[in-house]
């Protein structure tokens, strides 16, 4: 199925979802006066559907603009939605009985006896609710899980350079605004922010901030990370500071522009949805006299979201391998990080520096680990921008790099798949819950504390050092990881670690994944990494 046939199939699937959604919402309305716990669950179902409805209405209008692969995964995800909606309807029916549904759907909608439906809802037996509670909660979780699965592919539409997308987005936002329900406007608002963030036109508002806004006495290092935490001078709020050095050999105007553009994009980041902290500006630091007119570093200022606190680097937690964390919480950290990488690419950037010390964990009160956010933007650049083939010999960084990007003089220019490889290394660490020094100690690689003494001559392309690191990581992914996190998780890690291997069926054909907007790589990433991770439950 392809072309017009696939477009029509997607539209038909969306229309079917609308019909199921109507049944679901009408059923939910009968529970408004029910016992509080039931009412809370069905409100979550109703809210989830309303959000989905507005996204589907937008998708229906722009689906012809999507590339074939993008259309294909949308069709698959929509099929899952209809299955999920049917299950949710069935679960509601099992709690309230079929009479609730006959009230709304056996007769014409204009003659519905809503009072009778509410009476039936009030008759729900408490014992029956307790008996069915687990199934009802599972339906709620399935709908919200599907939403997390759908969001990346839907937001990917915002990367398509076509004025039709802008017009439909504006229409959707206006339509939702007229209805007056803030939650209904959320998808359109966030989509507009993402699309605006990819706009290359300079922003009217300033990016750079004064260091006077930070209480210097409160500044302290975040354990296991190069980032810092400090308190604002004008409030008791804490912020995260992510420094970016400015070496003397770089072109400062070019770096300044890159930093400004990235900060503007990150100002539109939604922490919960994107796995990226919202930027509040950048501090430009100068050298001490007599070089005070030259820039020594830039410092990103990140807001710590409400209800989150106590930042720590993932590397620090991984070093404490004796602390046993829930498998489901470790899996959530992996999902958070994979999500962040996806949205960095959607913002039009490659990160180039993904490793465990650039992942900040914030306590959220729900998990015994916390929520993960990607920082460490020292090497970042636009995905289609100039890439200097410069590297280093620091082993603790090279372990996270694809063999093509290792050493002082990398063989290849940086592309999105190199980020995906680095993500795979981090996912391996999370799955085994050990830091890389522990993982690689068995093959004689020295501690990561000090840079190795080898030179580029000792570190040629396809050297034993390069090859042994990747092969040992793959060995761990294939042999040790399945016993700890299951075969599905291990398969995702292996896919990431082999994403540039010709034998990799998901990412191996690099030439076939080249397109102007970077959509094709993102589509494969959503399908082969995000979807597979989201499908895992522990």
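The values are calculated or read from the model by the stated rules, or taken from the named source; none is laboratory data. This structure is a prediction, so every number in the text was calculated from the model and none was measured. Virtual Cβ from ideal backbone geometry, glycine too; neighbours counted across all protein chains shown.
Some points to look at:
- Any chance residue 376 is modelled with pLDDT of 60 or more, in a loop (DSSP other than H, G, I, E, B) and either crowded, with 23+ Cβ neighbours inside 10 Å or more than 21 Å from the chain's Cα centre (by Cα) (or both): yes
- Only one of 220, 147 that is closer than 30 Å to residue 312 by Cβ, outside the structural domain of residue 341 (by TED's automatic domain parsing) and at pLDDT 90 or above: 147
- None of 33, 48 is surrounded by fewer than 15 Cβ atoms within 10 Å (Cβ to Cβ), in contact with a helix residue (DSSP H, G or I) (Cβ under 6 Å, 6 or more places away or on another chain) and either assigned to a helix (DSSP H, G or I) or modelled with pLDDT under 80 (or both) except 33.
- The number of residues in the range 343-381 being free of Cβ contacts under 8 Å to residues at least 12 places away in the same chain and in contact with a strand residue (DSSP E or B) (Cβ under 7 Å, 6 or more places away or on another chain) comes to 0.
- Residue that is closer than 24 Å to residue 263 by Cα and in contact with a helix residue (DSSP H, G or I) (Cβ under 6 Å, 6 or more places away or on another chain), where the choices are 305, 311: 305
- Test: residue in the range 121-144 that is part of a helix (DSSP H, G or I), at pLDDT below 65 and under 24 Å from residue 10 (Cα atoms): no
- Boolean, residue 418 is more than 21 Å from residue 374 (Cα to Cα) and either at pLDDT 90 or above or not in a helix (DSSP H, G or I) (or both): no
- Failed item, numbered, when residue 431 is tested on (1) more than 20 Å from residue 395 (Cα to Cα); (2) in contact with a helix residue (DSSP H, G or I) (Cβ under 6 Å, 6 or more places away or on another chain); (3) crowded, with 19+ Cβ neighbours inside 10 Å; (4) at pLDDT below 90: (4)
- Taken over the range 485-502, the criterion of being touching a residue at least 12 places away in the same chain (Cβ under 8 Å) and either farther than 16 Å from residue 403 by Cβ or assigned to a helix (DSSP H, G or I) (or both) is satisfied by 485, 486, 488, 489, 490, 491, 492, 493, 494, 495, 496, 497.
- Residue count for the range 363-372, restricted to those that are surrounded by 23 or more Cβ atoms within 10 Å (Cβ to Cβ) and part of a strand (DSSP E or B): 1.
- Within the range 463-484, the presence of at least one residue that is farther than 26 Å from residue 349 by Cα, at pLDDT below 80 and either not assigned by TED's automatic domain parsing to the domain that holds residue 319 or not in a helix (DSSP H, G or I) (or both) is confirmed.
- If you filter the range 223-240 down to residues that are part of a loop (DSSP other than H, G, I, E, B) and within 16 Å of residue 305 (Cβ to Cβ), you find that the one that is modelled with the highest pLDDT is 227.
- Residues in the range 241-253 that are surrounded by fewer than 17 Cβ atoms within 10 Å (Cβ to Cβ) and in a loop (DSSP other than H, G, I, E, B): 247, 248, 249, 250, 251.
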